[in-house]
Amino acid sequence: MKLAGMDKLVKKGKTILLAYDAGLEHGPIDFNMNNIDPASIVQLAEKGGINGLVLHHGVAEKYFPTKEKKVPLIIKLNGKTKLRKGDPLSQQVCSVDRALRLGADAVGYTLYPGSMYEQVMFQEFCAIVEKCHRLGVPVIAWVYPRGQGVEETSTDTIAYAARIALELGADFAKINFNGDFEGFKWACKAAGKTRVLMVGGGKTDDLTFLTRLRRAIDAGATGIAVGRNVWQHETPLKMLAAVKEVVYNDKSPEEALKKLSAISAP
Ligand code: FBP
């Protein structure tokens, strides 16, 4: 099945998404005076020349220029805060119809397999997949195994996360990369025709981040959905340019870094 909406999300066989759902998931603690303003992130994604910007509906409604869209939009359909402890449950906060009215080219949903609430999320997710696929709209699953006794970052768990995305009908699986190259190859195999995107994770130094990305792509990931490592960077547009060098142009992290320092974008 080829979904009409896939073309925008894939360039040279690869995908780069800028994730900006952290305001709900983590709170303003992730932000500074620049990146707390959603307008600056919309501008960054527009200038960045990437495959999509991930927003929750509230931000999209107030900041995303649906009528003069310059970058594909992905609306995150569920969300939760960090305030509640215990097994995670993240339920739908936006309908597919509303996302499409906002101009969404694809939708996103976070699954927490291993949580005592996994069935609630699976059920919601599968209804979303059914509706979206009928409409030709791709679905991106953030698959974060979490809950009591779950070894979140073990290679087996990561491969399981990838497979869950395939089994439940996701077009993309956003999964963690724990640094185990052979293990990530296996995870990408487990995902089958579901495309694997590496989780960006917390901010690290440029070389560490770009090296991780290079290795994930070499192991079979088709791209990345990244937030903090780009918009917490002192020159976010340059960092996005470096990410593009690695993902679209198959460059080494060192080459990407060189290119990065040569670009005069802020
Ligand atoms: P980052 O690149 O900043 O990690 O963003 C990716 C992301 O998946 C966000 O889309 C999401 O809000 C957040 O990470 C989830 O983070 P956590 O692992 O702390 O729940």
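Since every read-out is calculated from the coordinates, none of them should be taken as a lab result. Fair warning: this is a prediction, and the values are worked out from it, not measured in the lab. All Cβ positions, even for glycine, are placed from backbone atoms using ideal geometry, and neighbour counts span all protein chains on display.
Evaluation of residue 33 against the conditions (1) out of contact with any strand residue (DSSP E or B) (no Cβ under 9 Å at 6 or more places or on another chain); (2) surrounded by 13 or more Cβ atoms within 10 Å (Cβ to Cβ); (3) among the aliphatic types (A, V, I, L, M) shows that the sole unmet condition is (2). Within the range 172-187, being away from the ligand (no atom under 16 Å from the Cβ) and crowded, with 24+ Cβ neighbours inside 10 Å holds for 184, 187. Out of all the residues in the range 229-237, is one or more within 14 Å of the chain's Cα centre (by Cα), more than 13 Å from the ligand (Cβ to nearest atom) and either assigned to a helix (DSSP H, G or I) or not polar (S, T, N, Q) (or both)? Looking for residues that are within 14 Å of the chain's Cα centre (by Cα), more than 13 Å from the ligand (Cβ to nearest atom) and either assigned to a helix (DSSP H, G or I) or not polar (S, T, N, Q) (or both), one finds none in the range 229-237, hence no. Scanning the range 36-50 for residues that are assigned to a loop (DSSP other than H, G, I, E, B) and surrounded by fewer than 16 Cβ atoms within 10 Å (Cβ to Cβ) returns 36, 37, 49.
Filtering the range 1-23 to residues that are under 18 Å from residue 203 (Cα atoms) and of a type outside the set (Val, Ile, Thr) leaves 17, 18, 19, 20, 21, 22, 23. For residue 193, the criteria (1) assigned to a helix (DSSP H, G or I); (2) away from the ligand (no atom under 14 Å from the Cβ) hold in every case but one, which is (1).
Test residue 164 against the criterion of being crowded, with 22+ Cβ neighbours inside 10 Å and either free of Cβ contacts under 8 Å to residues at least 12 places away in the same chain or not in a helix (DSSP H, G or I) (or both), and give yes or no. No: the conditions fail for residue 164.
Only a single item in (1) among the small types (Gly, Ala, Ser); (2) exposed (fewer than 14 other Cβ atoms within 10 Å of the Cβ); (3) under 18 Å from residue 9 (Cα atoms) is not met by residue 149, and it is number (3). Just one residue in the set 90, 115 is touching a residue at least 24 places away in the same chain (Cβ under 8 Å), out of contact with any strand residue (DSSP E or B) (no Cβ under 7 Å at 6 or more places or on another chain) and within 16 Å of the ligand (Cβ to nearest atom); that residue is 115. Name the one entry in 41, 75 that is more than 22 Å from residue 97 (Cα to Cα) and hydrophobic (A, V, I, L, M, F, W, C). Result: 41 is the single residue among 41, 75 that is more than 22 Å from residue 97 (Cα to Cα) and hydrophobic (A, V, I, L, M, F, W, C).
Whenever a residue of the range 9-31 is in a loop (DSSP other than H, G, I, E, B), its partners that are within 13 Å of the ligand (Cβ to nearest atom) and among the polar types (S, T, N, Q), lying with C-beta atoms within less than 8 angstrom and at least six residues away or across chains, give the pairs 27/81. Report whether or not residue 128 is within 16 Å of the ligand (Cβ to nearest atom), in contact with a Phe, Trp or Tyr (Cβ under 9 Å, 6 or more places away or on another chain), touching a residue at least 12 places away in the same chain (Cβ under 8 Å) and of a type outside the set (Gly, Ala, Ser). No, not satisfied.
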